1. Quick one: angle between helix B:185-197 and the longest Cα principal axis of chain B, in degrees between 0 and 90, rounded to 10, please.
2. Explain nothing, just compute: Karplus ³J(HN,Hα) = 6.51 cos²θ - 1.76 cosθ + 1.60, θ = phi - 60°, for every residue of the stretch B:294-307 in order, whole Hz, x for Gly and Pro.
3. Relative to the longest principal axis of chain B, what angle (0 to 90°, nearest 10) does the C-alpha long axis of helix B:9-19 take?
4. Which number do you get for Rg(Cα) / (2.2 N^0.38 Å) in the stretch B:116-169?
5. What nm distance separates the two modelled labels at A:R143 and B:K243, each placed 7 Å from Cα along Cα→Cβ?
6. Under a plain spin-label model, where a point goes 7 Å from the Cα along Cα-to-Cβ, how far apart in nm are A:E130 and A:E169?
7. When averaged across all projection directions, what area in nm² does the alpha-carbon convex hull of the stretch A:218-299 cover?
8. Please compute the alpha carbon radius of gyration of the stretch B:187-326, then divide it by the globular-protein estimate 2.2 N^0.38 Å. Two decimals is fine.
Protein chains: 2
Amino acid sequence: MSTALAVTYADVARAAEILDGVAHRTPVLTSTRADELADAQVFFKCENFQRIGAFKFRGAYHAISRLSDEQRARGVLAFSSGNHAQAMALAARLLNVKATIVMPHDAPAMKLAATRGYGAEVILYDRNREDREAVAARIVEERGLSLIPPYDHRDVIAGQGTAAKELIEEVGALDYLFVCVGGGGLISGCSIAAKQLAPDCKVIGVEPEAGNDAQRSLRSGEIVDIPVPDTIADGARTQHVGKLVLPILQANVSDILTVSDDQLRSTMRFFAERMKIVVEPTGCLGAAAVLARALPFMGAKVGVIISGGNVDADMFARCITAAEPL
Amino acid sequence: MSTALAVTYADVARAAEILDGVAHRTPVLTSTRADELADAQVFFKCENFQRIGAFKFRGAYHAISRLSDEQRARGVLAFSSGNHAQAMALAARLLNVKATIVMPHDAPAMKLAATRGYGAEVILYDRNREDREAVAARIVEERGLSLIPPYDHRDVIAGQGTAAKELIEEVGALDYLFVCVGGGGLISGCSIAAKQLAPDCKVIGVEPEAGNDAQRSLRSGEIVDIPVPDTIADGARTQHVGKLVLPILQANVSDILTVSDDQLRSTMRFFAERMKIVVEPTGCLGAAAVLARALPFMGAKVGVIISGGNVDADMFARCITAAEPL
């Protein structure tokens, strides 16, 4: 069945070669207390320690490196106010390619500064009056740039899959792999790696309660479009999964679950107090489900992708202070 | 000169053998931004990822493992409201030794629970009316227990030195090694390892401005005793360094510097936002001095021991919210 999919394991393996020595091989952490809470052996793949603080670097670097010399000479464009923007900016700089990033005029100053700090040109648009895709399309047309979208792209998906490949190579076959779902690029790539390297592994997606479009899409077999969800998981405020993504979910993903924002806050607190790591709300999606024993694991080997750690100090402080301890 | 000291490198090497496979070999993290701030290549040895969340596990386990069979059969005692208590409780459990921990009656409930959770017997005393050393001495006498103090003890010092041994073995010889100073056990052990493995390495201690007893002791050559210092660095609220410690400082340590509580808060924020790790205030002492370019490093290779990450969520949130970004 997977031969019909847009991305194969060979693509993930090639991405891993390209990323070798460029992306960080992020650590896998464990916690006795997490194992007790989950009734499982839990392995956390810590992409919060990835370059730019999130897994997005993998897909962005892989995608830019696959462009032709001519495309690279003209430059790349992305529209994002989140981790994909910084990932594209850094990857482009490392590959000596000019990056243009379209960002909303009211994006946090820290994110604008970080993106510019990596040498990207930032073009601001007014999100109340302009459509970012139209703005991006116009610039792509005018300047002959290559648009790299955040998730619905073969090389981006293949790059993200290298996170699961590393995890399984390090800890061995898993019974379950939990992955957060926004647009679905990470879970698509990771599911392809998991099905190759641990064929019996059940891949489970997790998204916020407030925005369960991927769950509904998987269950209905059609892409469900929703209003921008109201959740602290800013990386999962997507309105629909990608066109390349849905067939991969259908082929590889056993189920998609949801967790509440309160569960995300408690998981952030758990990570801070017990494991001494800072994880952004979206990065807690998979762990929140696992620590709540969303499934009866009964000692199973469970992998969890922690997608990133980019959360500003004030937001982080508010979340962990408001959280009930697990 | 070092032959006259209470602890030698052979002691540290033996501790490393005993701790192999028991203590975590903690990760060494780097940060481009830290290097820019310090004008150095900075290597952070992350003992916040050590068992019980702090380096103290190293010394406690080593010290208990060195007791005779008869001593181990009778049990061990420690007085501590901090990381040494939990380190002793866990180390004793792993070595199948009964641990008794004397703690103040108003110690945080979380710390009492954690210490009991490791199977230790906790004996509370009223710190307004009783002297903890007298309480401990009475119990030691009554029960025939072996008292393991938190820092002024040969095997404890040798155990703590394994942190620097691992760091230098992983990253190569250092030009500087920055270590926080409370009672001085960590810097004593680490300085012995550093002088053996990187003889040209300058070892620098860092303590809070509010309690510079070690700085004054090193400069005067006599142990200076101070009132309990008012600082957020709770692991450095010691009133004097150990008797075994001072000669080691005199032999091995180039200088002891101080930093303010505001610098500690800003360093906690830097670690959270930039490096995605939770570090307790005391654990930030060395880094705070390095990131403020306390010395003109000019590209030098600088090691920093991050001593621990045990800070409750509310305290952590208050610190990073109040902090100026670096």
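The values are calculated or read from the model by the stated rules, or taken from the named source; none is laboratory data. Note that the structure is predicted; figures quoted are calculated from it, not measured. Glycine gets a Cβ as well: all are built from the backbone with ideal geometry, and neighbour counts include every protein chain shown. Quick note on the areas: whole protein, heavy atoms, side chains included, nothing else; ligands and nucleic acids left out. Shrake-Rupley method; radii C 1.70, N 1.55, O 1.52, S 1.80 Å.
1. Result, in degrees: 60.
2. 4, 10, x, 6, 6, x, 5, 8, 10, x, 9, 8, 8, 7
3. 70 degrees
4. Dividing the Cα radius of gyration by 2.2 N^0.38 Å gives 1.55.
5. It is 7.2 nm.
6. Taking the two extended label points, one gets 4.2 nm.
7. About 6.5 nm², averaged over all directions.
8. Numbers: Rg = 15.1 Å, N = 140, 2.2 N^0.38 = 14.4 Å.
In units of the 2.2 N^0.38 Å rule of thumb, it is 1.05.
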